[in-house]
Every structure is written in structure tokens, then in C-alpha cells.
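Worksheet: the structure to be examined is printed underneath.
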Amino acid sequence: MTAATPLVTAARARLRDIPAYRPGRSGAGPASGKLSSNESPFGPAPAVRAALAAAASTVGHYPDEYRARAVLAAQAGLPPSAILLTNGSDELCYLLASVFLAPGRVAVLGDPPYQIDATASLLAGATLSRVPLRDGAHDLDAMAAAARQAALVWLPSPHNPTGTAVPASDLAAFLRQVPADCLVVLDEAYRAFADPPGQPDIGALLAAHPNLVVQRTLSKDWALAGLRVGYALAAPELVEVLARARPPFSVNALALAAIEGSARAGAWQAMTVARVREQRSLLANELGRLGVEYYASQANFITARLEAGLVGPPLAASGLVVRPGADLGLPGWVRISIGWAPQMAALRAVLRELSRAGALSHPAAPDRQPAAGEQARR
């Protein structure tokens, strides 16, 4: 192996503050549960699978996104000119950062953040203004204050990695406080799993705030994670600017066909959301009964104060894998994606067994004491 060239050495130095992404691992065994990546436990709808099969013969042509944009626009109640398709919602993060951030500009984000927001901001040369979460949720007053000196605010709701959502009334008040020359990126990847107060009227907010961009994905409730489909909702003028920076044909033909198929799959999506919410409630109740602290989640996962090194081996023996919180900025915690009923029953059984052995009783993790005003649920 040859030594790193000066070019590589310089690149490493420039990226020294950017952690490498660690994907969730897959499980193996009787339950075969990958509960580490917040994927859908049910897969795409039959109508979507049929659309994918029918589109296989079209991949010799460059994709045409017109019909897919129309489908998403109709679902959102907005004109197609307010939609920008991207290769997963992460591409939108990088587009926004490359267009609106630069050395000397500030990006505001919660701490811990959704890591891609921080990575995209740092790659653009921006300075990060990290605002500690309170009770796992965004401190909106502190973020609004920081926004007065910022170019962009990243605001996932529900938040990843904690799952907490910003109530619609609080979001409206926050947006009124943010200067018009600061962009607010509202990431709604997990919107479908939230209670009604966590699902704001996006059409009204966009009409009132031209500096708002809403970020969505079809990876979660629509189960298209492997096809990488994301999109932005924003003022048409803002969409036009972002479209100039987006690579042509960044969303492939099969992904576009899946979007079109989703127009006929509303019942499947509703079933998926209902089953996930049901299993999320069962897990929250079990954690509470066992005395395990957790954040009250509005997403398709629950983050609990459990040591990954403690719960990982017995879960793996049952074919289950969860995400260590250390990967997400929450050492001493794990993020548990909500799977289908047999997987979740197996997970709860493992937790009960650990509790009976006294393994779940532990003091607050010394490497992450709750911040001022922060309390997780018991």
C-alpha cells in the first residue's frame, strides 16, 4: 500500500470534522429484523411493484419526470412548479447547502442534528451554530435567535434521531421570528407517522413564508428507500434556482414510475402508517413499564436510553439489530426502528428478559447528562 499523496492528505485535512456515514446493519436469524435504518417493514404497495415491472422496458430512455411531479403536486395540493424532485432527500440537503451556504455563512441546526444536514453545511464551508435539544426537541426560541445571524436553518420535524415533532402552532410562531433572508428547511421525512398537531398546513405556510423549503421523501411510509426518491416543496422561484444546481436526470426512470404508482396506493400507505403507529405505541408502553427512558416519538422509531453493548448481543441472537446512539450523537442510547409485529414482539421479549436479569437498571449515562431543561420519559 503506497503512502497517501499530498492531494489525498489535503482532502483528509479538509474533511477532518466530517464523520463518515455508518449505515444500519442488517439482522439475521429467526426474526431477521433490521431495526436500524427506519425502513418500512412492509415494502412497497402492489400497485407500485406493478408500475416498476411495467417501467422496466423504458430504462433505455432518459427519464421524464413530468407525470411524477404532477402526482406529488396533487398529493400536496400545490402546483407542479412548486415541486423539485431529488435523488433521495439527501441530494436536496447538498443542493441547498451548495446554493445558499458558503464560507462565512452560518447554518443553524439542533444538537444532535440529522447528520447529513451538518455534513452538507460543512462541505459548503459554512459555520455551524449548534442549538442543544431540550427534552429531545428543538429549542425554537434559541434557534430563532441564532437565525438572525444565519443564512439557513435546518429543522427536521419529526426530528431524527429523537423522533420529536414541532407542533404546528409553535412552527408558525417560529417562522414569524426568522428573518426573511434566512432560509428555513423543514424536513418532513417522518410526517406521515406524526399526530395531527405535528402535520402543519404546508400550503398555508409556504404562501406566508417564501423563505421556507419543505423536504420530503418516499423512503419511509412509501417504502421506496432503495430507489432514492425525495422532493422539495417551495416557492416556484426558489425551485427554479435549485433546479439549476441539480444534475440532470438525477431521479431515475424506475423511481419516477414508483411515484406514479403511488397515486394508486393510498390504502397501502395508510395501512403501513397505522401498523407502525400501533407497534410504536406497544414499544413505548413496554419501555415505560420497564422503567427505560425514551423520547416520545412521532416517527417510525423510538430512541431509548439503552446501552448498545448491553442490548446488542441478545437482540442479535434473535436476529434483531438496532442503531447505536453513538452513531447519531446520542451515546448511551439506541434508536429502534419500528418493524412488523413478530419482530417487535421478539424485541420486547428480549427487553423483558434483560429487565428480569436486572440488566436494564442503570444510572444516567455519564457521557451524556441531560441538558438544562431536558428530560426523557420514564
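The values are calculated or read from the model by the stated rules, or taken from the named source; none is laboratory data. Bear in mind the structure is a predicted one, so any value in this text is a computation, not a measurement. All Cβ positions, glycine included, derive from the backbone under ideal geometry; neighbour counts span all protein chains shown. All accessible areas refer to the heavy atoms of the entire protein, side chains included, with ligands and DNA or RNA removed. Shrake-Rupley method; radii C 1.70, N 1.55, O 1.52, S 1.80 Å.
Taking only complete DSSP H runs, can you tell me which helices of the chain stretch 20 Å or more along their own long axis by Cα positions and average at least -1.0 on the Kyte-Doolittle scale?
Values: long enough: 266-290 (36 Å, -0.24); 341-356 (22 Å, 0.11).
Helices meeting the span and hydropathy rule in the chain are 266-290, 341-356.
In terms of modelled amide H atoms, which long-range or inter-chain residues lie less than 5 Å from the amide H of Leu183?
So Leu183 has HN proximity to Leu152, Val153.
Report the dimensions of the range 72-193 along its three principal axes from the alpha-carbon atoms, largest first, rounded to Å.
37, 30, 27
Can you say what percent of the DSSP beta bridges in the chain, counting only those with both residues inside, are antiparallel? Round to 5. Before the final figure, lay out the partial values.
Values: 18 of 38 bridges.
Taking every DSSP beta bridge within the chain, about 45 percent pair in antiparallel fashion.
Evaluate E = 1/(1 + (r/R0)^6) for Ser355 and Ala56, where r is the Cβ-Cβ distance and R0 equals 56 Å; express this FRET efficiency to the nearest 0.05. Walk me through the intermediate numbers first.
Details: r = 49 Å, r/R0 = 0.88.
E(calc), rounded to 0.05, equals 0.70.
Check which residues have an amide H placed less than 5 Å from Thr303's amide H, if you skip close sequence neighbours.
Tyr295, Ile336
Per residue, how many Å² of accessible area does the range 123-228 show with a 1.4 Å probe? The partial results should precede the final answer.
Working: 3650 Å² over 106 residues.
Here the per-residue accessible area is 34 Å².
When the Cα centres of the range 234-301 and the range 195-229 are compared, how far apart do they sit, in Å?
Taking the Cα centre of each part, the range 234-301 and the range 195-229 sit 9 Å apart.
Under a 10 Å cutoff between Cα atoms, tell me which one of Ile336, Ile83, Ile116 has the largest fluctuation in the Gaussian network model of the chain.
Greatest mean-square fluctuation among the candidates belongs to Ile116.
Let me have the 222 nm mean residue ellipticity of the chain computed from DSSP H runs of 4+ only, each contributing -39500 (n - 2.57), with the sum over all residues rounded to the nearest 500.
Values: 13 runs with 148 residues, N = 378.
Calculated at 222 nm, the ellipticity per residue is -12000 deg cm²/dmol.
With a point put 7 Å past each Cα toward its Cβ, work out how far Tyr66 is from Glu240 in nm, to one decimal.
1.9 nm
With all protein chains present, how much of the accessible area of the chain (probe radius 1.4 Å) comes from carbon and sulfur, to the nearest whole percent? Walk me through the numbers before you get to the answer.
Working: 9260 of 16530 Å².
The C+S portion of the solvent-accessible surface of the chain is 56 percent.
Below 8 Å between Cα atoms, with a sequence gap of 6+, how large is the relative contact order for the range 137-184 in percent? Write down the numbers at each step before the final one.
On the way: 42 pairs, mean separation 24.2, N = 48.
Worked out over the range 137-184, it gives 50 percent.
Per residue, how large is the accessible surface of the range 285-338? Use a 1.4 angstrom probe and give square angstrom. Mind dumping the intermediate values first?
On the way: 1470 Å² over 54 residues.
Averaged over the residues of the range 285-338, the accessible area is 27 Å².
Between Gln149 and Ala267, what FRET efficiency comes out of the Förster formula 1/(1 + (r/R0)^6) with R0 = 41 Å and r the beta carbon distance, rounded to 0.05?
Values: r = 47 Å, r/R0 = 1.15.
For Ala267 and Gln149, the calculated efficiency is 0.30.
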